[in-house]
Amino acid sequence: MRETTNTSDSPAGKDAELIKSFQSGKKAAFDELVLKHKDKVFNLCYWFLGDYQDANDLAQETFLKAYRALKKFRFESAFSTWIYRIAVNTCKNRLKSFQYRIKKKFVHLNNTEAAKSNPGVEIADESSSPEIELGRKEKSRLIQAAINSLAAEKKAVVVLRDIEGLSYEEISSVTGFNLGTVKSKLARARQDLREKLKGEI
């Protein structure tokens, strides 16, 4: 699906300018793209994998793949959509890998070090009360564990929609699913989460 880039004042337009600079030989332009998108890519990887170090590794791998492929970028989609697609596929490949499945057998799901190290992935709450802070961390852990238990395709649509805030059209472009499939997978993923979190949240 083609997504037109807007004026140079829009985020997509600025990304397009940076890509053109990179393609003309200005390597520093890629560093600017990384700085603009690294937090969102990391958060996507974190919600996909539930592990801070794995998310960090795969975010770096995502940008490495993007660096290698950016010379051939054809502006058929926004850079943000393109980098999300790379990140989702990278995460899905990691989830399928034998080494990752073996590792997860030895890692307890209740590990909250990632949430402590990266407050950006926690649920927003402006109160600083210790009791509320503890409840917020526990809520974040429960949601993360529930999302982590979803099948990869359901996980992709629910993270892209409910965590990252992408439109249905953007999710369709990232995942390759048609709009109807995106909506049905999202509905089923949300229902699964409701059932998993029933009585917890």
Name the pairs whose Cβ atoms lie under 8 Å apart, with the first residue in the range 71-83 and outside any helix (DSSP H, G or I), the second among the hydrophobic types (A, V, I, L, M, F, W, C), and 6 or more positions between them or separate chains?
F73/I19; F73/F79; F73/W82; F75/A16; F75/I19; S77/M1; A78/A12
Any pair with Cβ under 8 angstrom, 6 or more apart, that starts in the range 21-48 at a residue that is farther than 14 Å from Y67 by Cα and hydroxyl-bearing (S, T, Y) and ends at one that is outside any helix (DSSP H, G or I) and at pLDDT below 95
Y46/N118
Output the residue which, of all residues in the range 165-201 that are within 19 Å of K139 (Cβ to Cβ) and acidic (D, E), is surrounded by the fewest Cβ atoms within 10 Å (Cβ to Cβ).
E195
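The values are calculated or read from the model by the stated rules, or taken from the named source; none is laboratory data. The shown structure was predicted, so the numbers you read here are calculated from the model rather than taken from an experiment. Neighbour counts run over all protein chains shown; Cβ positions are idealised from the backbone, glycine included.
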